[in-house]
Structure formats: structure tokens, C-alpha cells
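Peer 1: Okay, here's the structure, questions in a sec.
Readers should treat all values here as calculations from the given coordinates under stated rules, not as data from a laboratory. Remember, predicted model here, so these are calculated numbers, not experimental data. All Cβ positions, even for glycine, are placed from backbone atoms using ideal geometry, and neighbour counts span all protein chains on display.
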Amino acid sequence: MAVPDTTSRTAAVAATATATATTPPVPLSPFGPAQRLDFALLAVAVVGISLSGPLIAATAAPALAIAFWRNGLAAAGLAPVVLLRAGLRRELARVGRRTLLLSLAAGVALAAHFALWLPSLRLTSVASSVALVTTTPLWTTLLLRLTGRRPPAAVWLGTSVAFAGVLLLTGVDLSVSARALAGDALALAGGMAAAVYVLIGAEVRRTTSTTVYTFLCYGCTAVLTLVLCLATGASLGGGYSADTWGKLLVLTVVSQLLGHSLINRVVAGLGPSVTSTAILLETPGAALVAAVWLGQFPPAAAYPAMAAVLVGLALVIRGERVP
């Protein structure tokens, strides 16, 4: 089922970080019919999540309101699935106190992620924002290190390369404007919040289905972002145009439900490393969509910086395959 974009783009990374120490990589050759189907579905998912950043930047609604509607509509879409299927309904009724509290804590982290990342898309370029928020695997690795896990040397190499790219990219945006630098900072903080969400989610999903977990998590995130909207006076739709409502619906269906539910669908067959590496294509994909649709072209120096971030993240994900 659905996993939120910039966080769920690293749901596969969470599986790598917490489970692949005991799970060998899935062989990819020769490709059978099932794997060919998984690759096709993964391609659709990457296209879906690549539309997320540009869609948010183009939606004429407050960032917090976008976060609320995105999670609220997703939770509403999951509700019939959970409540009408007997197995899921029984699982929800049996959810223990620990699982419930962890799911709600993940919802808090997800709300923080959206509250930080979405405004960054209005301050800096879509390409820079997406590149920086996808550093979630780096923060996941660092948090795991603080809890006693020792990442392989390749992970630290990838972390160093990615951080160099981050420093270069933020330096480029500082030369553009302080506003762009503020957007970079928000995107990085959003990536950190997503790492907390990913780690909590990886723990919950050891004993809970993705459907029940995301239903509880999205519901919590929707309530929290609704409270933030009411507290800050953000419009929840009183003056929205039909175009804005259409974009909110497309964002929910294409990026949150379709895109990331397909990621969760294929990760079991292709493995977390292959899936996570493919998800990195969201950064160039979002940059291309933003350039064609929104006319956003980052400075030339930003492209090697984004490439360094992507290479570093790929090294981190590949390094996590080592037991």
C-alpha cells in the first residue's frame, strides 16, 4: 500500500538498513515474467513519485493544507480497505499499545517531514529541494550508527560523497539567494524527519501489515497537519479553484497511493537495494518535469552537486547490502 513520497522513497532503504543483514540480495538474472512485471511497475512508480515535487510547487494551496489533504485523502482511501476486509479488520482490532504508539510516533515524524519539506518547494528549485530531501538514507544510517550498528566502509564513503554534494549544492543556492538557502535547509530537515519516520516504520512493519500501519500513520499525520492548518490560519479549501482540487487529487492518487504502493509491491521481488537505487531517479525525473512544466532551470553548478548526492546515496544503498 501507500508510503509517502520522500519518506517512502526510502521505505526500501529502511528494509535494507534493518533487514538485509540476514537477507541475501534477490538474483535478477535471468529475468522471469514476474520480475519483468515488477520492473515495469517500478518504472510506473518512479514516474509517479517524480511528479510529486513539481505538482506540489504548482498547486495554489498552502503547504500545510497540501500535507493535510494528501494524507487525509490517502487515509480515507485506505479506510474501506481496512474496515471491509475481515483479516485487516481483525488485525486493527488486535493492535497492541506499543504498535499503536509507534505508529502514532511515525505519524508525528511524517507530519514534521511534510511541514518542513513542502514549504521548501516554494523557496528553492524543485530539483534542489528533491535532491536534498532524498538524503534520508544518510540520516537513517547515522541514526542506526548512534544505536550501535556499524555500517560498512562503503556506506561511509557514500555518506561522505553525498555530504560533499550537499555542501556544494547549498553553496550554489547561497550564491543565488538567502531564500534559496533557507529552502535547502528546510529540505534537509525534512529528510532528517523522514529518517525518523522510516526507522519507526521499519520496526512497526516487523509485526504489522503495511496497510494497517499506513492507515494509522496517515490518519495521525492528517490530524496533526489539520491542527497546524487551523493554528496558522492556512486555508483548507474555501477559495480553491477546480484546478487546485484537481492537482491535490492527482497528487494523492499518482504520487502517494499509486506511485508508492507500487514501490511496496515490487520491493519484495526486486529487493530493497535495486528498488532504492531506482527510486533515486526521482531527483532527475523531478528536475526534468520542473524544467518542462514550470520552467525551473537550476544554475549550471547545481547539476554536478546533485549528481554527487545521487552517487553518494547509491553507494550508501549498495553498501547496505553487505551483511
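Peer 1: In debye, nearest 20, what is the charge dipole magnitude of region 44-154 about its Cα centre with +1 on Lys and Arg Cβ and -1 on Asp and Glu Cβ, if you could check?
Peer 2: It works out to roughly 520 debye.
Peer 1: List T141, T147 from most exposed to least, where exposure is judged by having the fewest other Cβ atoms within 10 Å.
Peer 2: By the 10 Å Cβ count, ascending: T147, T141.
Peer 1: OK, next. Among G72, A154, L168, flag the residue with its Cα farthest along the positive direction of the charge dipole of region 64-198, charges on Cβ as +1 for Lys/Arg and -1 for Asp/Glu.
Peer 2: The Cα lying farthest towards the positive end belongs to G72.
Peer 1: Arranged by the count of other C-beta atoms within 10 angstrom, fewest first, what order do Y213, Y218, Y240 take?
Peer 2: With the sparsest Cβ surroundings first, the list reads Y240, Y213, Y218.
Peer 1: Mind running the shape call on region 93-187? Use the C-alpha gyration tensor, a ≥ b ≥ c as the square roots of the eigenvalues: rounded below 1.5 for a/c, prolate if a/b tops b/c, oblate otherwise.
Peer 2: Note, shape of region 93-187 comes out oblate.
Peer 1: Which value, in debye to the nearest 20, describes the size of the charge dipole of region 101-230 about its Cα centre when Lys and Arg Cβ atoms bear +1, Asp and Glu Cβ atoms bear -1, and nothing else is charged?
Peer 2: Dipole about the Cα centre, nearest 20: 260 debye.
Peer 1: For the residues R179, R97, what sequence is obtained by ranking on other C-beta atoms within 10 Å, fewest first?
Peer 2: Arranged by neighbour count, lowest to highest, R179, R97 become R97, R179.
Peer 1: Any chance you could run the full-extension gain for A164 through T207? It's 0.36 nm times the residue separation minus the Cα-Cα distance, nm to one decimal.
Peer 2: 11.7 nm is the gain from fully extending A164 to T207.
Peer 1: Along the Cα→Cβ direction, 7 angstrom out, place labels at L83 and A300. What is the inter-label distance in nm?
Peer 2: 5.8
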